[in-house]
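One structure below.
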Amino acid sequence: MPIINSVFTWFIKKRIHQIELFMKYPNEVQEEWFEQLVSEAENTEWGKKYGYKDINNASQFKDRVPIQQYDSLKPYIERMLKGEQNVLWPSEIRWFAKSSGTTSDRSKFIPVSEESLEECHFKGGKDMLTLYFNNRPNARIFTGKALTLGGSHQVSQLNADTFFGDLSAVIMKNLPLWAEFYRTPHLDIALLDNFEEKIEKMARATKDVNVTCISGVPTWNILLFRRILEITGKKNLLEVWPNLELYFHGAVNFTPYREQFNKLIPDADMYYLETYNASEGFFGLQDQSDSTEMLLMLDYGIYYEFLPLEKLNDDNPDTLSLSEVELHKNYALIISTNAGLWRYMIGDTVRFTSLSPYRIQITGRTKHFINAFGEELIIDNAERALAEACSQTGASIREYTAAPVYFGDDKGGAHEWVIEFDKKPAEFERFVDLLDGTLRRINSDYDAKRFKDMALRRPIVHKAPDGTFFNWMKERGKLGGQHKVPRLANDREYIDSILLLMELVG
């Protein structure tokens, strides 16, 4: 332990200095990465197609290279899956992060280069520890093990040398030995395909381990924790793991889960650190102990652009560079990376809470909103309204989704919600009124449509039985890993299938 602490203390001081540099000179750092990415890829098939050799600045880059989504890159990626190289990126790419995300049921295969593993994903993992130790110099997480609940790993059938799996599995499969030594459980359990079998085996394999740190998606971690408590007969996780001190979380808004975690880990000193990472890259980290804003990480081999949300459907939308963004406006995130994703719209929306340094919050998804009546309801609005309704009625939420109800013969439209409560509200109708009232207060478009029920009626809210969303995700083959319940949809595909499941069960 003393040797590890000494080595890591040296690393922290060095890395904190580098972080401070990009905080001080953000635009210069981004410009350097832009030039490096374009230069390295100029002799790839993609680089030759768009004349990367002649690109001298970001303006030329934007003029020549259209904004990409997965479907436009898919033909190139499919060839890479079969073993072709030097297509989108010059170095050999043998690994792909498989992700269906929440925008499509179709599997996506995101290329993961050696550079993106080392300079982005692994660097992000190290910086999680760096920022934690910087804020808590007396941390003792190296006295025990880090529990990671990740996804599954498979070998691609397209090519014997091509591998794919959930991002967490790709990372675990490539971890250096020192990192693997401090992780639990063993890979043969951590990478199991069957999620329910994985939960059972993880619970039994880790219940007697000295776990000091946890990372993973809150939804799936809670299932693991509850199973551990069932097996051990303990009241909370601190009775199982008394030295537990840190939880890294991401992928979903943590607010709806906070009360559940406070019960599972009843310790005011428990440290929660939010991360923003995806199959496409590692983007942000919570660097302050008293704020959930995340520092935009600018030296991970990613060049950022930001598309104002009101221009999302323009034919040739103008994006903004980092130096041009404004506070508290919603932007779709566009990235170019050291794995060959060029001007790629990843589907997330963010807003800046600080411009010096650049800090962000995730506000939703470009395809996850409700705008059936011009109300422009985004996930951030929904999360804030639910948090207020829970706070006022003593409720806590496990999962939820919402979708529009279209105009009927004699009725206006509405929003229909299915909510699975961890703790039901004391007054359900008041909960619905608070949800509606808060949405009206924070979203003027929603409020206008609710005027005298002309376009939108009061929300329709269903209380889902325990386990509804777990069973629904299981039916769709989307348990574990980075799979998430779609929060908002502009159509009724998801909610109708959930309501049908509830009807069949009930």
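Restricting to the stretch 328-352, and then to whatever is over 18 Å from the mean Cα position of the chain (by Cα) and closer than 12 Å to P308 by Cα, can you tell me which residue is surrounded by the fewest Cβ atoms within 10 Å (Cβ to Cβ)? Of everything passing the filter in the stretch 328-352, H328 is surrounded by the fewest Cβ atoms within 10 Å (Cβ to Cβ). Going by what's in this entry, would L355 be described as touching a residue at least 24 places away in the same chain (Cβ under 8 Å) and buried (at least 18 other Cβ atoms within 10 Å of the Cβ)? No, not satisfied.
Name the residues in the stretch 57-67 that are surrounded by fewer than 17 Cβ atoms within 10 Å (Cβ to Cβ) and either over 28 Å from L320 (Cα atoms) or out of contact with any helix residue (DSSP H, G or I) (no Cβ under 9 Å at 6 or more places or on another chain) (or both), would you? Please lay out each step first, then the result.
Just the residues of the stretch 57-67 that are surrounded by fewer than 17 Cβ atoms within 10 Å (Cβ to Cβ), to begin with: 57, 59-60, 63-64, 66.
Listed by number, the residues that qualify are S59, D63.
The helices (runs of 4 or more DSSP H) found entirely in the stretch 401-506 that carry 1 or more residues being within 30 Å of A169 (Cα to Cα) are 468-475, 493-505.
Scanning for something over 27 Å from the mean Cα position of the chain (by Cα) and in the same structural domain as D380 (by TED's automatic domain parsing), does the stretch 460-472 turn up at least one residue? Looking for residues that are over 27 Å from the mean Cα position of the chain (by Cα) and in the same structural domain as D380 (by TED's automatic domain parsing), one finds at least one in the stretch 460-472, hence yes.
From the list R227, R258, the one residue that fits, being under 20 Å from the mean Cα position of the chain (by Cα) and within 29 Å of I171 (Cβ to Cβ), is R258. Which of the residues that make up the stretch 296-333 are touching a residue at least 60 places away in the same chain (Cβ under 8 Å) and either aromatic (F, W, Y) or closer than 18 Å to S99 by Cβ (or both)? Selection gives Y300, I302, Y303, Y304. Among strands (runs of 3 or more DSSP E) entirely within the stretch 277-371, having at least 1 residues that are touching a His at 6+ places or on another chain (Cβ under 7 Å) and farther than 26 Å from W89 by Cβ singles out 344-355.
Looking only at the stretch 384-396, which residues are farther than 19 Å from R458 by Cβ and either among the hydrophobic types (A, V, I, L, M, F, W, C) or touching a strand residue (DSSP E or B) at 6+ places or on another chain (Cβ under 9 Å) (or both)? Please lay out each step first, then the result.
Keep residues of the stretch 384-396 that are farther than 19 Å from R458 by Cβ, which gives 387, 391, 394, 396.
Residues satisfying the conditions are A387, G394, S396.
Within the stretch 40-97, the residues that satisfy the criterion of being modelled with pLDDT of 95 or more, of a type outside the set (V, I, T), assigned to a loop (DSSP other than H, G, I, E, B) and in contact with a Phe, Trp or Tyr (Cβ under 7 Å, 6 or more places away or on another chain) are A41, E42, L88. Each residue in the stretch 246-264 was checked for being free of Cβ contacts under 8 Å to residues at least 60 places away in the same chain and surrounded by fewer than 19 Cβ atoms within 10 Å (Cβ to Cβ), and 4 pass.
Given the structure, is K207 touching a helix residue (DSSP H, G or I) at 6+ places or on another chain (Cβ under 9 Å) and modelled with pLDDT of 95 or more? So K207 passes the test.
The values are calculated or read from the model by the stated rules, or taken from the named source; none is laboratory data. Just so we're clear, the structure is a prediction, and the values are computed from it rather than from any experiment. Positions of Cβ are backbone-derived with ideal geometry, glycine not excepted, and every protein chain shown enters the neighbour counts.
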